[in-house]
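Input: a single structure, listed below in structure tokens.
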């Protein structure tokens, strides 16, 4: 699991995708879900290292890669 200290560093998610950790939100609720289906969860925001579309992943499924 990553922490705020890992923001800006290269990380890998549980699916093997790598990218740069851009933010952690401890109480994220997906706005695309119906209000009754939303639940707060700790989410990591990761973007591809060379730019591109950012993705969300539960922070427990993300680890920092060693330099």
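Checked against the criterion of being over 15 Å from residue 1 (Cβ atoms) and without any contact (Cβ under 8 Å) to a residue 12 or more places away in the chain, the candidates 37, 27 yield just one match: 37. Selection of region 1-22 for residues being exposed (fewer than 15 other Cβ atoms within 10 Å of the Cβ) and free of Cβ contacts under 8 Å to residues at least 60 places away in the same chain yields 3, 4, 5, 8, 9, 14, 15, 16, 17, 18, 22. Count of region 15-41 residues, restricted to those that are closer than 14 Å to residue 59 by Cβ and either under 13 Å from the mean Cα position of the chain (by Cα) or assigned to a strand (DSSP E or B) (or both), is 10. For region 40-54, which positions are more than 12 Å from residue 2 (Cβ to Cβ), modelled with pLDDT of 95 or more and surrounded by 15 or more Cβ atoms within 10 Å (Cβ to Cβ)? Scanning region 40-54 gives a single hit, 47. Looking only at residues of region 57-67 that are modelled with pLDDT of 95 or more and outside any helix (DSSP H, G or I), we find that the one that is nearest to residue 7 (Cα to Cα) is 64. Residue 17 falls short of the stated requirement of being at pLDDT 95 or above, on the phi < 0 side of the Ramachandran plot and in contact with a strand residue (DSSP E or B) (Cβ under 6 Å, 6 or more places away or on another chain).
The values are calculated or read from the model by the stated rules, or taken from the named source; none is laboratory data. All values derive from a computational prediction rather than experimental measurement. No Cβ is skipped: glycine too gets one built from the backbone with ideal geometry, and neighbour counts run over all protein chains shown.
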